[in-house]
Each structure stands twice: as C-alpha cells, then as structure tokens.
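Asks: The structure under discussion is supplied below as structure tokens; questions concerning it will follow.
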Amino acid sequence: MKKARKSILSLAPVAAALMAAYSPAWADDGVYRSGEVSVGLGYVDNENSQWGKFTGMTDNGTYGLLDINFLRRDSNTDTWIQLLGRNLGLDSRDLRLEQRRVGDWGYFVEFSQLPYNQPLTILTRTSGIGTPVQFPTGAASLPFAVPYELGTRRDSFTAGVSKALGMGFDVALRYRNETKEGDRRYSNQGSPAFNFLAEPIDYETNQLDAIVSYSGEKFQIQAGYYGTTFDNSNSALWTAAPNFATGANSIALPPDNQSHQGYLSGAYNFTPTTRGNFKVSYSQYTQNEAFFTPAGVGVPAGPFAATSRPSLDGKVENTLAEAGIVSRPIPKLTLRADWRYTDRNDETPRLQYVSGAASRDGFNVPLSRTTNVAKAEAQYLLPMGFRIIGGIDYDQQDREVTPTLRQVSWREETEEWSYRVELNRSLSETLNGRLSYVYSDRDGSVYLPANNNVDPDVIDPIHWADRKRDKWRLRLDWAPLEPLSLQFTADYADDKYDGRPLGPESGHYEFYGLDATYVVSETWQVVGWLSHGQNDFNQRTIGSVSTQPPQNSANTGRQVWYGPQHNSADAVGLGVRGKATARIEVGADLQYQEDQDEYDALAYNTGSLFLPEITNRRTTVTLFGKYAMGANNGLKLEYIYDRYSTNDWAWQIYPFAVHNNGTQVYWDSPQSVHFIGMSYFYRFQ
C-alpha cells in the first residue's frame, strides 16, 4: 500500500488556526481555559514492516508530529468544549471536537485513520495487483518477480448528538461512516499448489445508532435501534481478462449485506437493596446482493432450483432475552442471578448450487441454534474479614439443523455446568489475598456420525467434545514497605477430554505474573513486571494411508499420529520516571517479550521430521525527557529502539512460502529500528 505522508509544514497552518480559534483574547469570570499543542519532527532510520505497521512509519525518513488538546469550560452556562487531536502528522491520526451543556445537550464530530501494513515481504510476477483483474502468470511487461507492499487503511467519520427532553427523558443519535482501502494476501487454487493474488479492498460500512432513554428514581429504561450496511465495490476478482458472459476465471468477493436491530433494556430498584435488570432485542441480518455470475453459470446441468435464483437471499434472525437480579437481604449476604437466551434462526433457502459427490450434496447448509446461559452467585461476609463467594453457571446449546452429509461427528446439543468458589481476605494491613476454584463439566447428546467417509468416524471435534476442566486463580497484593507495593497473579487450568478414540485428549494452561512499584522519593518512581504463561494441548488423529505403525485396528491402512502442541510466552519490563532538576523530567522503559511454539507432529512433506519450533522475540527500549523552557512551554525528546526477530518456518522454509506461480512470501527478520523525535509544546491556561 502506498503510504500518505503529510509534512510538518502542511500541518502548521492547521495548528495555528486551531490555536487561534481556542485562545480567545478575553477572560471572563467563571471561564476556565486549558490546553496544550505539541509540534515536532520524528525520524526513522530503517525500513521496517513490524514496528510501524499500525502507525504508517514503515519507511526510513522524517515524519510530522502534532498533538492538540484544548478545553474550555464556562461555569456560568455549565458548558464545556474540547478539541483533541493525536498523531495528526501520521497515518494513524485522530481528531475529535466535542461540546456539551451539562444535563441539557451535546454533540461531537470525530475523524480517525488506522493503517495496517502487511509485515510480510512479497516477491511475485502476478500483475494487476491493486485492481480486480490480475494475471497470476505475469505479463510480458513483468518478466521477473518484483516486491510489493500490501496493506490497508481505514478512514472513519463519526458524529453524534444528544438532548435531554426533560422529565427524565433523553435522546441520542450516532452515525459512523468507515471506508477501508488497500490490498491483502489472497490465493486461488491451482495445480499442484496455489497461485498468488492480492484481494483488492474497497469497502464502505455505515452504522446508525439511535437511543431514547428514561431515568427515574426507581425505574430506568432504554429503547434503541442499531443498523449497519456493508458495500464492496469489487464483486469479483478475475484471474484473466473478464468474461462477463460466462463468469469464467473469476472469484467472488465478500458480498454487500446489512443488519438491523431493535432493543429494549431497563432496570428497576425494587427496594434500596434489590435491583433487577432486563434486555430484549431482535436482529435481522440479510445478504441479498445479486449473484455476480449470470443465473445458471457455473451450475451443473439439471433442474437445480438455484439456476433461476438471482441471489442467495440470505437471512438470519437473532432473538435475545436476558434478565438479572441482585439483592442484599441482610448486610452480610449478597445474592445474584442472571439468565440469557439467544435464538439464531437461519432462514436462508436451502438449495442446490453444485452437483453432488461422495463428500457433498451440492446444497448450502443453513445452521440455526439456541443458547441458554444462566448464573447464580452468593457472597457472604464471614468472621475475621473473610468473604466467601459461591456460584453455579450453566451453558446449553441446541443446534437445530444438521448437515445432510457430514465429514466428522456432529452433536445436536451440548451443555456445561460450572461450579465456582472464591475466598478473599485482608490478611493484614499490608497483605490482601484472593483464591478461587472453578470446576466445569461439558457433555451432550449422542454423536451423529460422519456418513460420507469410508473410514469409521471416531473423531471428537474440540468445540463440543466432552470435557472436564479444573481452574485455579490466586491474587495477592502486598506492601511490605511503605514505598513498595507488589501484585502477584497465578492462574492454572487443566482440561481432560474423553469419550472418543481420536481428537483432543488434554489441555493445560499456566500463567504467573508479578508487578512492582517502588517510590524512591517524591520525584522518582521505579516500576517493574515479569510474567510467564504456557499452553499445552494434546490431540490424536488419523494421517494419510500408510503401512507404517502405529495403526488403529478400526482404521486399517491409516496412520494414527499424536500431535502435542506447546506454547510459552515470557515478558519482562522495567521503567523509571523522575525529575532530574526543577526543569527536566526524564524516563526510561525496557521491555522484552518472547513467544515460542512447539509442534511435536509429523510434517507429511518432510518424511519423519518433526515440525521445527517457532520463536518470536521483541526488545524495545524507550527513553524520553521533557525540558521546561518557561512556565508554559518547553521541549520533549523521545528515543525508541525496537528489534523484532522470528524464525517462523511457514514463511521461511521451502515449500511453505512458495506459490505455484513462483511467488515468495517471507519474513524480513530480524528487523531493528531507531526512532528519535523532538517536539515543542505550549500550554494554555
């Protein structure tokens, strides 16, 4: 994606105009004015795809730095107005203007941009990138692979108004328009692998939110409407010259769609110690864009109903109802109960779009489901400062429609019960602790086996497999010395799956974290943190036909392999802040992160070799300072060093990152970036 660069010179007139508008020459009694404007330059010494992917600072060079924050309050009219701008010199800019009269009216307008620069390096002969017509084998003008920078940028405009109507009634209206443009990685199936394409992104999304609310002494209620529309300017991606008569060499892109939701929510104070709440809503999601290919094109010959349909006519209706109550019948006891019901009804017509085969019948598969979630909790204050909390949670899902042909097992219903208990106490004047335990048990209806596979079906899909979970959590807050405070966190979870020979077997999660703050003096403070987390997951499944052991007697000729996975994440940080002199403030941060993934699974394309580990490391050093030139102005200086490295084999080892047309997609690793920025700031009071 080509990056938009605004120089500091082009932003200076904007800043001057804003300063003039929000710095009136008069000073009336009861009017408070404050604000700050910061203008400067930043320099990036090296091209990068990781550090600046969300700010646009991926090229080496100079960038404009501009931040604005102005506030004006008039106590005579209870009116305030604020102008807030962040990163106005970068592609990740935000600008918001808001004005309100307390208890009466208000409005705001906001503009923001968010870039995303794809961190992968791409070398390809595919021509036409950036357009909906691309040629995977290249063109005569593109005999060699050339590099491309892919990415997207979101531009959004939001505006809202609110008005108090009196008698406890208020109304609010909010509108948001967002456009997203750019390109992202895409592939079309080729032989024997995949060709590289870049999906052209040209989206527009509109959102409207309207609310009417009433607030009384005991009763509060809110009625609202929320609607969205999504439009894609590109209905298809062509891999050759467009043939609109047949639709050949085309790939359909996300179609236009829309949604509408009406809701009603409220709360009622039955007594000073008992309060109830509720919410009901109805939503409708539709996707009714005309098929981009002519009716019947691409559909096998025969009397299929889809051949005469102009669109999918997709429609999903969602109904929600929830209610809750919380009460404190006696001073030491608090009770809570909540219930939530959702019904997802997919009314998309079920029709045949392609010819049937052993693994398909050619029909689309509308899926509907209902969900019930209920929670009950009790808290009781025990002697000696102990507080005990107990609760029961229930989660039930009922899938109303099952596919006619199934590749793996299908379950129409699952339910999970969870039982939790927590004990917390102030152990001393300087130590507080909390310990909790949750036990969960999930099972469901009988499995409907796969019916389009010659092999016996014994696979247990993870999202509805029988599972028992034990989860512990410990929290400690300790202040051993007056200037020192420590917070310790420990989480532990263990999953056991059973019921079927293949699929998930067990899972394990641990997390430990320590945060510390030390106040050296009134002007100096040190903070530090470290954490370690790990996930382990074990599963067993069937590989391709093999005569090598081990084999499952129920699946003769198919190799059964064991695939444990391990992920660990470690982080450490240290920060210092303080005042070196009356005019100089300084600070420094050091952060280090390391993520590691291990796959003890066979890689089919490399024989008996195991998949290699993936390790990602990141080190960031930040130094910053502020020098007060006067009572209201000064200089800010910031330096950042960032180093990122990865050995992700998916983008570095042949043939994982090579497409059928010779395109190479890989990480540029390691990446080191130095950034230095200097700004002049002025405060208004």
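Asks: Out of all the residues in region 312-331, which are surrounded by fewer than 14 Cβ atoms within 10 Å (Cβ to Cβ) and either under 25 Å from Leu253 (Cα atoms) or at pLDDT below 75 (or both)?
Replies: Asp313, the sole residue that qualifies.
Asks: Now for a different question. Here is a check on your reading of the model: is Thr179 open to solvent by less than 40 Å² (accessible area, probe 1.4 Å), modelled with pLDDT of 95 or more, of a type in the set (Val, Ile, Thr) and over 30 Å from Ala267 (Cα atoms)?
Replies: Working: open to solvent by less than 40 Å² (accessible area, probe 1.4 Å): no; modelled with pLDDT of 95 or more: yes; of a type in the set (Val, Ile, Thr): yes; over 30 Å from Ala267 (Cα atoms): yes.
When the stated conditions are applied, Thr179 does not pass them.
Asks: Scan Leu609, Leu637, Leu602 and give me the residue that is at pLDDT below 75 and open to solvent by 60 Å² or more (accessible area, probe 1.4 Å).
Replies: Going through Leu609, Leu637, Leu602 in turn, just one is at pLDDT below 75 and open to solvent by 60 Å² or more (accessible area, probe 1.4 Å): Leu609.
Asks: Looking only at region 404-426, filter to residues that are of a type in the set (D, E, K, R) and in a strand (DSSP E or B); which one of those is least open to solvent (accessible area, probe 1.4 Å)?
Replies: Step by step, filter region 404-426, then rank; the result is Arg411.
Asks: How many of the residues in region 236-278 are β-branched (Val, Ile, Thr) and farther than 21 Å from Tyr186 by Cα?
Replies: Quick first cut of region 236-278, residues β-branched (Val, Ile, Thr) only: 239, 246, 251, 271, 273-274.
In the following step, the residues that additionally are farther than 21 Å from Tyr186 by Cα were identified as 246, 271, 273-274.
Residues meeting the conditions: 4.
Asks: May I ask you to list pairs of residues, at least six apart or on different chains, whose Cβ atoms are under 7 Å apart, with the first in region 672-685 being more than 30 Å from Thr646 (Cα to Cα) and in contact (Cβ under 8 Å) with a residue 40 or more places away in the chain and the second being part of a strand (DSSP E or B) and among the β-branched types (Val, Ile, Thr)?
Replies: Ser679/Val39; Tyr680/Val39; Phe681/Val37; Tyr682/Val37
Asks: For Thr228, are the conditions met, namely being farther than 28 Å from Glu149 by Cα, assigned to a strand (DSSP E or B) and either in contact with a Cys (Cβ under 7 Å, 6 or more places away or on another chain) or polar (S, T, N, Q) (or both)?
Replies: Values: farther than 28 Å from Glu149 by Cα: yes; assigned to a strand (DSSP E or B): yes; either in contact with a Cys (Cβ under 7 Å, 6 or more places away or on another chain) or polar (S, T, N, Q) (or both): yes.
The answer is yes for Thr228.
Asks: Another question about this same structure. For region 29-48, state whether one or more residues are under 30 Å from Val212 (Cα atoms) and either part of a strand (DSSP E or B) or open to solvent by less than 50 Å² (accessible area, probe 1.4 Å) (or both).
Replies: Filtering region 29-48 down to residues under 30 Å from Val212 (Cα atoms) leaves none.
Checked against the condition, which is being under 30 Å from Val212 (Cα atoms) and either part of a strand (DSSP E or B) or open to solvent by less than 50 Å² (accessible area, probe 1.4 Å) (or both), region 29-48 yields no hits at all.
Asks: Same structure, new question: Could you figure out which of (1) open to solvent by less than 30 Å² (accessible area, probe 1.4 Å); (2) over 27 Å from Val438 (Cβ atoms) isn't true of Ala357?
Replies: If we test Ala357 against (1) open to solvent by less than 30 Å² (accessible area, probe 1.4 Å); (2) over 27 Å from Val438 (Cβ atoms), just (1) comes out false.
Asks: Quick check, is Gly563 at pLDDT below 80, crowded, with 16+ Cβ neighbours inside 10 Å and of a type in the set (Gly, Ala, Ser)?
Replies: Working: at pLDDT below 80: yes; crowded, with 16+ Cβ neighbours inside 10 Å: yes; of a type in the set (Gly, Ala, Ser): yes.
For Gly563, the condition - at pLDDT below 80, crowded, with 16+ Cβ neighbours inside 10 Å and of a type in the set (Gly, Ala, Ser) - is met.
Asks: Mind listing just one residue for me: the one in region 640-663 that is modelled with pLDDT under 80 and out of contact with any Phe, Trp or Tyr (no Cβ under 7 Å at 6 or more places or on another chain) and, of those, nearest to Leu623 (Cα to Cα)?
Replies: Ile653
Asks: Next up: What single numbered condition from (1) open to solvent by 30 Å² or more (accessible area, probe 1.4 Å); (2) closer than 20 Å to Ala450 by Cα; (3) assigned to a strand (DSSP E or B) fails to hold for Arg344?
Replies: Exception for Arg344: condition (2).
Asks: Also: Could you please find all residues in region 379-403 being open to solvent by less than 40 Å² (accessible area, probe 1.4 Å) and either over 33 Å from the mean Cα position of the chain (by Cα) or under 17 Å from Leu333 (Cα atoms) (or both)?
Replies: Ile389, Gly390, Gly391
Asks: Can I ask one more? Filter region 49-75 down to the residues that are surrounded by fewer than 22 Cβ atoms within 10 Å (Cβ to Cβ) and of a type in the set (Ser, Thr, Tyr) and list them by number.
Replies: Ser49, Thr55, Thr62, Ser75
Asks: Give me the strands (runs of 3 or more DSSP E) completely within region 66-135, filtered to those with at least 2 residues that are touching a residue at least 40 places away in the same chain (Cβ under 8 Å) and closer than 30 Å to Val665 by Cα, ordered by residue number. Spell out how you get there, then give the answer.
Replies: Details: elements: 79-86, 94-101, 105-117, 120-124.
In region 66-135, the matching strands (runs of 3 or more DSSP E) lie at 105-117, 120-124.
Asks: Within region 422-449, which residues are out of contact with any helix residue (DSSP H, G or I) (no Cβ under 8 Å at 6 or more places or on another chain), of a type in the set (Gly, Ala, Ser) and at pLDDT 75 or above?
Replies: Result: Gly433, Ser436, Ser440, Ser445.
Asks: Which one of these is of a type in the set (Val, Ile, Thr) and either touching an Asp or Glu at 6+ places or on another chain (Cβ under 8 Å) or farther than 30 Å from Ala321 by Cα (or both): Val438, Val421, Val365?
Replies: One residue alone meets the criteria, Val438.
Asks: Pairs please, first residue from region 513-530 and under 19 Å from Val572 (Cα atoms) and of a type in the set (A, V, I, L, M, F, W, C), second anywhere and part of a strand (DSSP E or B) and open to solvent by 80 Å² or more (accessible area, probe 1.4 Å), Cβ atoms under 6 Å, 6+ apart in sequence or on different chains.
Replies: Correct list of pairs: Leu514/Leu530; Val526/Tyr518.
Asks: If we only count strands (runs of 3 or more DSSP E) wholly inside region 427-515, which ones have 3 or more residues that are touching a His at 6+ places or on another chain (Cβ under 9 Å) and surrounded by fewer than 16 Cβ atoms within 10 Å (Cβ to Cβ)?
Replies: none
The values are calculated or read from the model by the stated rules, or taken from the named source; none is laboratory data. No experiment lies behind these values; they were computed from the predicted model shown. Heads up, the Cβs are rebuilt from the backbone with ideal geometry, glycines too, and the neighbour counts pull from every protein chain shown. These accessible areas exclude ligands, DNA and RNA; they are computed on the full protein's heavy atoms, side chains included. Shrake-Rupley method; radii C 1.70, N 1.55, O 1.52, S 1.80 Å.
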